[in-house]
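Remarks on the structure that follows.
The values are calculated or read from the model by the stated rules, or taken from the named source; none is laboratory data. The structure presented is a predicted model; accordingly, all values stated were derived computationally and were not measured. Glycine also receives a Cβ, built like all others from the backbone with ideal geometry; neighbour counts cover every protein chain displayed.
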Amino acid sequence: MTTMDLRVSPLGQVEGDLDVKVTITDGVVTDAWTEAAMFRGFEIILRGKDPQAGLIMTPRICGICGGSHLYKACYAVDTAWGTYVPPNATRIRNIAQACETLQSMPRYFYAIMGPDLTAAQYANAPSYEEAARRFAPYVGTAYQTGVTLSQLPVEVYAIFGGQWPHSSFMIPGGVMCAPTLSDITRSHAILDNWARTWLEGQWLGCSIDRYLQIQTWEDFLAWMDENESQHNSDLAFFTRWCMEIGLDTYGQGYGNFLATGTFLDPELYQHPTVDGRNAALQSRSGIYAGGQYFDFDQARVTEDITHSFYKGTGALHPWEGVTDPIDPADGEAQGKYTWAKAPRYDVPGLGYVPLEVGPLARQMMANRPDAAAHQDYDPFVFDMISKVGANVLTRVLARMHEAPKYFRSVKKWLGEVDLHEDFYAKPAEPASGKGFGSTEAARGALSDWIVIEDGKIANYQVITPTAWNIGPRDGSENHGPMEKAFIGAPVQNPDFPVELAQVAHSYDSCLVCTVHAYDGKTGRELAKFRMGGG
Amino acid sequence: MRTGCLFYEFGCRGPMTHSPCNRILWNRQSSKTRAGHPCTGCTEPGFPHGDLAQGTVFKTQKVAGVIPKDEPAGMDAGSYMALAGLSRAVAPQWSKEDMFVV
């Protein structure tokens, strides 16, 4: 038996800094540690500031999902202040949130997931030439159009938000813009062009309506071979290629999921409250753990810092959350190894279970029975997971499955905007309050908790999807969800551990990653590998 | 909002900001101020201005509740206020109406 430790530092093609350390025994990952290498401290910046400061600052946490940060930061203040939000404003917020995610999907697929699909170790697989022709970075035929056209959905964001990224146009009580008819028609035209050229033309090879008839895994497999156009689509080819190179065989994770949901119903959430949120969601919230569904309740969320570079141990609810950083060198002496906290959820009867967030989690919730008329019901991904399991392939399929669904929603909201009605209602600004705002960024549940006292921010905590997924072990030594997903992954070549990149990229984490290789017995560093060379 | 200037009430830093947003456009489509969003001066030294202190976000900082604390380069408070007052006084009625909806 041979055991070695591998440290990937930084893992490439993620949006920040992530180090991955793995122990490999006989060519299979047997243990893993994910290490967020950068301290952010936005919570500390925001303390003592104007209650609306989060609208300026939190969109700057991320360059790819800043609009999602704005969406939830705004609802955090809406709920704390008890605002009235006109239905038009909610529609515009939803359009912007969805368009940002529509940008992220193809950009993620071709720029982050795609390049490793052409790794040299797959050169002997039968379809390698075709994979390289499509997905090779910069020169691949699909890469070029996919990445270039991904800018179109955020053109629509800019029409309403002025710019993407880093707009602050969603404000308590509504939105800043008051669009005109030409803004609406221009948005339709941009999105129709994008759907015709990329979504239907290149990705699906069929109409959105045809694709969304898929209800089961068998439907999907039949769809792939229904005709030449669908067979040759990027989606069908990607699926076949993943099966050829085994991406449907690892990256499972816990199989337990959390979604906080997004897209508030314009009519049902005119008076945003924390308690009224679940019922007003179009894309539903919930927990799926131990084979059962549970309602999401923000009061059950905690962040555990036992293994994170913060003072102390244990877990706190974000309204009581503390961000008190310590020197990583001192932290390491206490068994701490990352800047990420470990978000956990107290599942009734199961306790503090690590939960995966992201499109797979969202689509698992979409299968939950008893959806209201305004809520998304969609059994496809649940059916797929129950038949072939969570893995690198199905995690990516769940993500891309949302593109046609979001597209359809945006078109509907655009059609419902009433240009002669209000887009904003000036709110009262009470001096104290507690708020919770949340959404689903492309990569998963994204939430803010705000406490306002004396007209200033007394406490502010952000939990990002990447923290849920790449967070470390907790006080009970449970692995974080992505750490768990690495375990069992094969590593054919420790000098180029592309499998680790594929697991990490299937989550689309927003951190840049590095792998370091260590000999498990001597602790000697064997190799340092920067994935993707990015 | 479709009417009025963002500078006087909403903390717009457009007059003090040297940035080509309205010339090159964001995402080939628009800019903050075109979309009714007060400029936050995010390309200027000192951003976020006013350190995001209580009462500074999307609110124009004024002296004695009337005169904006910051004016564009080359302007003093007196002449800027006189110019603004004159502009307001002579603005035709149509410029105050919400006439560009459809």
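Provide a single number: the residues in region B:22-32 that are under 17 Å from the mean Cα position of the chain (by Cα) and more than 7 Å from chain A (Cβ to nearest Cβ).
The qualifying residues number 2.
In region A:432-456, what residues are touching an Asp or Glu at 6+ places or on another chain (Cβ under 6 Å) and more than 26 Å from A:Cys177 (Cβ to Cβ)?
A:Ser432, A:Arg443
Restricting attention to region A:403-427, and to residues there that are touching a Phe, Trp or Tyr at 6+ places or on another chain (Cβ under 7 Å) and in a loop (DSSP other than H, G, I, E, B), which single residue is farthest from A:Val175 (Cα to Cα)?
Top of the filtered list is A:Pro427.
Can you find, within region A:188-209, the residue that is nearest to the other protein chains (Cβ to nearest Cβ) among those that are free of Cβ contacts under 8 Å to residues at least 12 places away in the same chain and surrounded by fewer than 16 Cβ atoms within 10 Å (Cβ to Cβ)?
Looking at the filtered set, the residue picked out is A:Ala189.
Given the condition in contact with a strand residue (DSSP E or B) (Cβ under 7 Å, 6 or more places away or on another chain), in a loop (DSSP other than H, G, I, E, B) and not polar (S, T, N, Q), answer yes or no: does some residue in region A:85-108 qualify?
yes
Just checking, how many residues over region A:166-187 are under 21 Å from the mean Cα position of the chain (by Cα) and more than 9 Å from chain B (Cβ to nearest Cβ)?
So the count comes out to 1.
Being over 15 Å from A:Ile463 (Cα atoms), in contact with a helix residue (DSSP H, G or I) (Cβ under 8 Å, 6 or more places away or on another chain) and not in a loop (DSSP other than H, G, I, E, B) is the filter here, so list the residues in region A:339-373 that pass it.
Scanning region A:339-373 gives A:Asp346, A:Val347, A:Pro359, A:Leu360, A:Arg362, A:Gln363, A:Met364.
Name the pairs: first residue in region A:435-462 and within 14 Å of chain B (Cβ to nearest Cβ) and aromatic (Phe, Trp, Tyr), second residue surrounded by fewer than 24 Cβ atoms within 10 Å (Cβ to Cβ) and part of a strand (DSSP E or B), Cβ to Cβ under 8 Å, at least 6 apart or on different chains?
From region A:435-462, the pairs are A:Tyr460/A:Val451.
Kindly provide the set of residues from region A:374-390 that are assigned to a loop (DSSP other than H, G, I, E, B) and under 21 Å from A:Trp223 (Cα atoms), ordered by number.
A:Tyr377, A:Asp378, A:Pro379, A:Gly389, A:Ala390 - these are the residues of region A:374-390 that are assigned to a loop (DSSP other than H, G, I, E, B) and under 21 Å from A:Trp223 (Cα atoms).
What's the total number of residues in region A:419-432 that are more than 24 Å from A:Phe263 (Cβ to Cβ) and either free of Cβ contacts under 8 Å to residues at least 12 places away in the same chain or not hydroxyl-bearing (Ser, Thr, Tyr) (or both)?
Here the count works out to 5.
On the basis of being touching a helix residue (DSSP H, G or I) at 6+ places or on another chain (Cβ under 7 Å) and within 14 Å of chain A (Cβ to nearest Cβ), does B:Thr3 make the cut?
When the stated conditions are applied, B:Thr3 passes them.
How about region B:52-100: which of its residues are under 27 Å from B:His18 (Cβ atoms), without any contact (Cβ under 8 Å) to a residue 24 or more places away in the chain, within 14 Å of chain A (Cβ to nearest Cβ) and aliphatic (A, V, I, L, M)?
Residues satisfying the conditions are B:Leu52, B:Ala53.
Looking at B:Arg23 and the list (1) buried (at least 16 other Cβ atoms within 10 Å of the Cβ); (2) under 26 Å from B:Asp98 (Cα atoms), which single condition is not satisfied?
(1)
Given (1) assigned to a loop (DSSP other than H, G, I, E, B); (2) out of contact with any strand residue (DSSP E or B) (no Cβ under 8 Å at 6 or more places or on another chain), where does B:Gln54 come up short, assuming only one miss?
(2)
Would you mind finding the one in B:Pro15, B:Pro45 that is away from chain A (no Cβ under 11 Å) and not in a loop (DSSP other than H, G, I, E, B)?
B:Pro15
Kindly state which strands (runs of 3 or more DSSP E) lie completely within region A:269-328 and contain at least 2 residues that are in contact with a His (Cβ under 7 Å, 6 or more places away or on another chain) and modelled with pLDDT of 95 or more.
A:301-304
A:Val147: in contact with a helix residue (DSSP H, G or I) (Cβ under 8 Å, 6 or more places away or on another chain) and within 11 Å of chain B (Cβ to nearest Cβ), yes or no?
no
Every residue in region A:202-258 that is within 22 Å of the chain's Cα centre (by Cα), over 28 Å from A:Gly290 (Cβ atoms) and not hydrophobic (A, V, I, L, M, F, W, C), please.
A:Asp234, A:Thr239
Could you please let me know if A:Gly286 is more than 30 Å from A:Tyr128 (Cα to Cα), free of Cβ contacts under 8 Å to residues at least 40 places away in the same chain and surrounded by 18 or more Cβ atoms within 10 Å (Cβ to Cβ)?
So A:Gly286 fails the test.
Can you tell me how many residues within region A:394-415 are of a type in the set (S, T, N, Q) and touching a Gly at 6+ places or on another chain (Cβ under 8 Å)?
0
Taking region A:109-131 only, how many residues are surrounded by 24 or more Cβ atoms within 10 Å (Cβ to Cβ) and under 27 Å from A:Lys411 (Cα atoms)?
Summing the residues that are surrounded by 24 or more Cβ atoms within 10 Å (Cβ to Cβ) and under 27 Å from A:Lys411 (Cα atoms) in region A:109-131 gives 2.
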